[in-house]
C-alpha cells in the first residue's frame, strides 16, 4: 500500500513538473509584460449612463453632449483588453487569469449623463462636469480611488471599501455614505439629509460639506467629521470619534465603549 501511494505521488509530482517546465499552469493564462509604444484606439460605444472600471485602469470620465470612448495602452495589451456594453453599462477591464506587469492603461470616456460608477481592482477615476437632478451611485473598492469635480446630482449613494479613497466637490440631494475597510472619504460642497456609516478604521471628513441635517454612525476605530446647522443624530461605538462643526441641533447622541463625540 505504501509503495502504491508513493508511486502515485511520484507520478503526480512528475506531471506537475512537466506542466511547469512547459510553461503551462492549469487555470492560469500567464504573465504579460507591456511592450511596444503606447497607442490610443477609439471605440464606438454609445447610449450608456453607467461605467465599470477594473484591473488597475485609470479613467477620465467627463460630461459631453455626445459619446466618446478611447483607450491608451501598450500595443501588445489591446488583445487582453475587455471592453463591452451591457445594457446601459460600459465595462472596461482586462481578461481574467493573467498577471500584468509594466502596463499602463488610460481610458477617456465622454457621455451626456452618468448615474452609476463602479471602480475596483486598484483603479482610478476622475469624474467631472455632470449636472443632473437624477440619482447617482458610486461603488469604490479594492484599493481604488475616485475624485469628483464640479458634480451636481440628485440623491446620492457612495459605497467606499477595501482601503479605497474618494474625494472631491459634490452638490447633491439626500445622501447615503458608507465607508468601510480602512477607507477614506473627503467631500466639499453641500447636501440635504445625509446618512453616514463608517466601519473598520475608516475616516469620513465632511467638515467642508454643509448638510441640511445629518445622521452619523461610527463603529470600530472610525472617525467622522460632519458639518450641519440642522438636526444631528450621533452614534459612536468601539474606539470611534465624531466631531461636528457649525451649530447643529443635537437630536440624539448614543456613545458607547470608549468612543467620543464633541464640537470640532
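Going by the conditions given, is residue 215 within 16 Å of residue 260 (Cα to Cα) and at pLDDT 95 or above?
Answer is yes for this residue.
Filter segment 226-249 for residues that are in a strand (DSSP E or B) and either at pLDDT below 95 or more than 28 Å from the chain's Cα centre (by Cα) (or both); which is surrounded by the fewest Cβ atoms within 10 Å (Cβ to Cβ)? Lay out the reasoning, then the answer.
So in segment 226-249, the residues in a strand (DSSP E or B) come out as 226-228, 231-236, 241-245, 249.
Okay, now just the ones that are also either at pLDDT below 95 or more than 28 Å from the chain's Cα centre (by Cα) (or both), so 231, 249.
Details: 231: 16, 249: 10.
Going through the qualifying residues, I end up with 249.
How many of the residues making up segment 61-75 are surrounded by 15 or more Cβ atoms within 10 Å (Cβ to Cβ) and in contact (Cβ under 8 Å) with a residue 40 or more places away in the chain?
Summing the residues that are surrounded by 15 or more Cβ atoms within 10 Å (Cβ to Cβ) and in contact (Cβ under 8 Å) with a residue 40 or more places away in the chain in segment 61-75 gives 7.
Among the numbered criteria (1) within 18 Å of residue 82 (Cβ to Cβ); (2) modelled with pLDDT of 95 or more, which one does residue 55 miss?
(2)
Does residue 118 satisfy the criteria of being modelled with pLDDT of 95 or more, buried (at least 20 other Cβ atoms within 10 Å of the Cβ) and within 27 Å of residue 191 (Cα to Cα)? First the steps, then the outcome.
Details: modelled with pLDDT of 95 or more: yes; buried (at least 20 other Cβ atoms within 10 Å of the Cβ): yes; within 27 Å of residue 191 (Cα to Cα): yes.
Taking the combined requirement at face value, the residue satisfies it.
List the strands (runs of 3 or more DSSP E) that sit entirely inside segment 142-223 and contain at least 2 residues that are crowded, with 22+ Cβ neighbours inside 10 Å, in contact (Cβ under 8 Å) with a residue 12 or more places away in the chain and in contact with a helix residue (DSSP H, G or I) (Cβ under 6 Å, 6 or more places away or on another chain). Walk me through how you get there before you give the answer.
Details: elements: 145-152, 156-160, 165-171, 175-179, 184-198, 203-218.
Where strands (runs of 3 or more DSSP E) fall fully within segment 142-223, none carries at least 2 residues being crowded, with 22+ Cβ neighbours inside 10 Å, in contact (Cβ under 8 Å) with a residue 12 or more places away in the chain and in contact with a helix residue (DSSP H, G or I) (Cβ under 6 Å, 6 or more places away or on another chain).
Kindly indicate which of 223, 150 is farther than 29 Å from residue 67 by Cα and in contact with a strand residue (DSSP E or B) (Cβ under 8 Å, 6 or more places away or on another chain).
From the options 223, 150, the qualifying one is 223.
Is it fair to say residue 254 is out of contact with any helix residue (DSSP H, G or I) (no Cβ under 6 Å at 6 or more places or on another chain), surrounded by fewer than 20 Cβ atoms within 10 Å (Cβ to Cβ) and under 20 Å from residue 160 (Cβ atoms)?
The answer is no for residue 254.
The values are calculated or read from the model by the stated rules, or taken from the named source; none is laboratory data. Treat the numbers as computed from the prediction; the structure is a model and nothing was measured. All Cβ positions, glycine included, derive from the backbone under ideal geometry; neighbour counts span all protein chains shown.
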